[in-house]
1. For each pair in LYS253/LYS324; LYS249/LYS364; LYS254/LYS378, compute the distance between the two Cα atoms and list the pairs where it is over 31 Å.
2. For the stretch 238-296 and the stretch 371-429, write down the distance between their C-alpha centroids in whole Å.
3. Would you mind calculating the gained length between GLU269 and THR347 on full extension (0.36 nm times residue separation, minus the Cα-Cα distance), in nm to one decimal?
4. Leaving out ligands, DNA and RNA but keeping every protein chain, what accessible area does LYS249 have, in Å² rounded to the nearest 10, with a 1.4 Å probe?
5. May I ask you to derive the FRET efficiency for ASP95 and THR179 from their Cβ-Cβ distance with R0 = 25 Å, giving the value to the nearest 0.05?
6. Once you list every other residue whose beta carbon is under 13 Å from the beta carbon of ASP194, what net charge do they have if Lys and Arg are +1 and Asp and Glu are -1?
7. Quick check: at a probe of 1.4 Å, how many percent of the accessible area of the chain sits on carbon and sulfur atoms?
8. Just want to confirm a number: the relative contact order over the stretch 128-207, from Cα pairs under 8 angstrom separated by 6+ residues, in percent.
Amino acid sequence: MRLFPLICFLILLFSCQQGKEQKKINNQTSAEDSLLTLVQRQTFQYFWEGAEPNSGLARERIHIDGNYPENDQNVITTGGSGFGLMSILVGMHNDFITKEEGYDRLLQSLSFLDSVPRFQGAWAHWYHGDTGKTKPFSRKDDGGDLVETAFLAQALICVREYYKDGSPEEKQLALLADTLWKGINWNFYRNGKDTLFWHWSPTYGWELNHPIQGFDECMITYILAASSPTHPIPDSTYHKGWARNGAIKTDIKKYGIPTLVKHNAKPGEVGPLFWSHYSFLGLNPLGLRDRYADYEEVVKNHTKIHLAYADENPKNYKGYGSNKGWGWTASYSVNGYNAHHPDNDPTGVISPTAAISSIPYTPKESINFIQYLMDNLKDKVWGKYGFYDAYSENEAWYPQRYLAIDQGPMVVMIQNYKDGFIWNLFMQAPEIKAGLQKLGFKSPHL
């Protein structure tokens, strides 16, 4: 009987200890969620307050200094606007804006997209937001851009899924999104061959001759093309075009980490991290696999290779490390614009979107990166629309400039990490399920 009080005391002590540990975990979770929501809310404003006013869509770039050498402050980007439409959905989901505000903006944006010139249903890379006229991306790139169109179509499907069971007005918006998506003639962009081509111009035809082949940011283009209920490509085009008749598979390792797929880079190199972001804003890579690879491993290993490079830091750049600054992608650079990656890092430039948009793959390291910037660099890298596009501690270079294609993935991927919101919208679409099955994919969502 003397043991009974001792046992009760030990049980009480253990319960108190458990309570303290749980409280500590809860506090950490709350602090983490607050930090991520702060980043989301501020970055979301790029697509809300910073949108081009006539179209409601995403400006290609916003320079806080007001200096636009190309006089393009009113140019909207098709792909970045796709990321922006997803960000508007996230904004409503998190009560950054009201449902009414979000609906009005999406109606404005989709109406603009319905009014501008299209090329066999595909949009151009750029448009003048104030006039709706096409702005050539380059001399012969003045027509349809199938990859930018895919980034936009990924968002249109999410918009449709969000509104399809809503009020009569919301159903009409869902119908508009559906009509725009189904109007894309993916099959035309095969040019009679068993691969997809990136560009077509009404003036220059197929002269750019740029086949889309893996692995890079373009995987979503083939998924959507195969899923189209109106202008689908055959499954052979995915296997012969994107997968290069199986040559996409590789046993190449970097830092001892398997790459699994051959990146569109020099042998032994891996690409910038946007290759593991843009296609997977809606397409959920977790548990997704086909005959060539497990794409959860592909994107996670790609990110881990960047982390390993940060720790190795072969050029001894200031501020590098997996618990400091890491992550390389296409962004502004000390000398213009550059597609940074571990084998192309000439000036020690880090792009915040690279690490932050990888948060579903490497949550601990991505959150540590955010905290590092907040604690150490502060307003050198943080401004009106969240983290600036790029910085270099090594060069003491902190430009106050933003790009839509880098801001959007942060908003979306943080939300996918939190609750899979955008992933769930996209993956529930019936034609996406059918398209993935057609191509031989396996996923927990099928």
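1. LYS254/LYS378
2. Rounded to whole Å, the Cα centres lie 23 Å apart.
3. 26.3 nm
4. 110 Å²
5. Using R0 = 25 Å, I get an efficiency of 0.30.
6. Surrounding charge for ASP194 is +3.
7. The C+S portion of the solvent-accessible surface of the chain is 50 percent.
8. After rounding, I find 34 percent.
The values are calculated or read from the model by the stated rules, or taken from the named source; none is laboratory data. From a predicted model like this one, the values you see are computed outputs, not experimental measurements. All Cβ positions, even for glycine, are placed from backbone atoms using ideal geometry, and neighbour counts span all protein chains on display. Keep in mind that these areas ignore ligands, DNA and RNA; they rest on the heavy atoms of the full protein, side chains included. Shrake-Rupley method; radii C 1.70, N 1.55, O 1.52, S 1.80 Å.
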